[in-house]
Amino acid sequence: MFMACRDGDTAEITKLLTAGESINCNFDTDNGSTPIALALRNGHLEAVKWLVGKGADSSIIHETGLNVLH
């Protein structure tokens, strides 16, 4: 999920969601990043909008105490 979001690959994200991957996981990275945070950090605004539309939670707090809205 993280690589697909990092790359803005909504087709791959769809496949992963269909296979049961979580859109809101934040435990697979060293710094607590979420899939939506990786998409945003890498400039994939359309993927970010798509993720929010699919239920990604933009309020999840990163280990820095911030979320993607800060």
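May I ask for the equivalent-ellipsoid semi-axes of the chain, computed as the square root of five times each C-alpha gyration tensor eigenvalue and listed largest first in whole Å?
Values: eigenvalues 62, 32, 22 Å².
Values for the chain, descending: 18, 13, 11 Å.
Take the Cβ-Cβ distance between residue 12 and residue 69 as r, set R0 to 35 Å, and report the resulting FRET efficiency rounded to the nearest 0.05. Display every interim value, and only then the final one.
Working: r = 25 Å, r/R0 = 0.71.
Efficiency, from the Cβ-Cβ distance: 0.90.
Just want the answer: with Cβ charges of +1 for Lys and Arg and -1 for Asp and Glu, which residue in 62, 48, 24 is farthest toward the dipole's positive end in the chain?
About the Cα centre, the residue reaching furthest to the positive side is 48.
At 7 Å along Cα-to-Cβ for each site, give me the label-to-label distance between residue 61 and residue 19 in nm.
With each label point 7 Å from Cα toward Cβ, the separation is 3.3 nm.
FYI, it's all coordinate maths here, none of it is from the lab. Just so you know, these numbers come straight off a predicted model, no measurement behind them. A quick note on method: Cβ atoms are made from the backbone with ideal geometry, for glycine too, and the neighbour counts reach across all protein chains shown.
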